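Beneath this line is the structure, given in structure tokens, with notes to follow.
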Amino acid sequence: MNDNIEEYLERGIYGVKETKTEERTRFLTALRERVEIALKKGQVMREKPYPEVTGKMEKVQNGHLYLNGNLDYRFLSKYIKTANDTKVPFTIVQNQEADTDIGLVLTGSQGSEGKEIFIEE
């Protein structure tokens, strides 16, 4: 019983213990095995959205779009519009302490364990 109280207090003070912290930091809070597709920051800043990403958004099951909030909204807006049109929920991740090269992550129930998730230019 005493262990339960200590664990409860620790969760209250420090929050829930997070698994795979480095992976979550890199992939904007998502786990790699759930990632369907990801873009680097420079790719998100491209003028037109990647058709591979918008196509995945139309087909993804239980999808969620994570966008790097350190990027200017004008770069994110084209993906937000597509997410709204396809009814994929999205989150703009604001983490000033996280150093990641990722600008966009789309997760889904299928994931892509063992598959390439990045679009090569």
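The values are calculated or read from the model by the stated rules, or taken from the named source; none is laboratory data. These figures come from a predicted structure and were not determined experimentally. With ideal geometry, Cβ positions are generated from the backbone for all residues, glycine too; neighbour counts draw on all protein chains shown. The area values use the complete protein model at the heavy-atom level, side chains included, leaving out ligands, DNA and RNA. Shrake-Rupley method; radii C 1.70, N 1.55, O 1.52, S 1.80 Å.
So, in region 31-72, how many residues would count as being over 18 Å from LYS115 (Cβ atoms), outside any helix (DSSP H, G or I) and open to solvent by 50 Å² or more (accessible area, probe 1.4 Å)?
6
Tell me, which residue of region 111-121 that is modelled with pLDDT of 80 or more and part of a loop (DSSP other than H, G, I, E, B) is nearest to VAL88 (Cα to Cα)? Steps first, answer last, please.
Looking only at region 111-121, we keep the residues that are modelled with pLDDT of 80 or more, and these are 115-120.
With the extra rule that they be part of a loop (DSSP other than H, G, I, E, B), the set shrinks to 115-117, 119-120.
On the way: LYS115: 22, GLU116: 22, ILE117: 18, ILE119: 20, GLU120: 24 Å.
For region 111-121, the residue satisfying everything is ILE117.
Would you be able to tell me the number of residues in region 73-104 that are part of a helix (DSSP H, G or I), of a type outside the set (Asp, Glu) and open to solvent by 30 Å² or more (accessible area, probe 1.4 Å)? Please lay out each step first, then the result.
Step one: list which residues in region 73-104 are part of a helix (DSSP H, G or I), which gives 73-86.
Retained after the next criterion (residues that are of a type outside the set (Asp, Glu)): 73-84, 86.
Narrowing the set further to residues that are open to solvent by 30 Å² or more (accessible area, probe 1.4 Å) leaves 73-75, 77-78, 81, 84, 86.
Of the residues in that region, 8 qualify.
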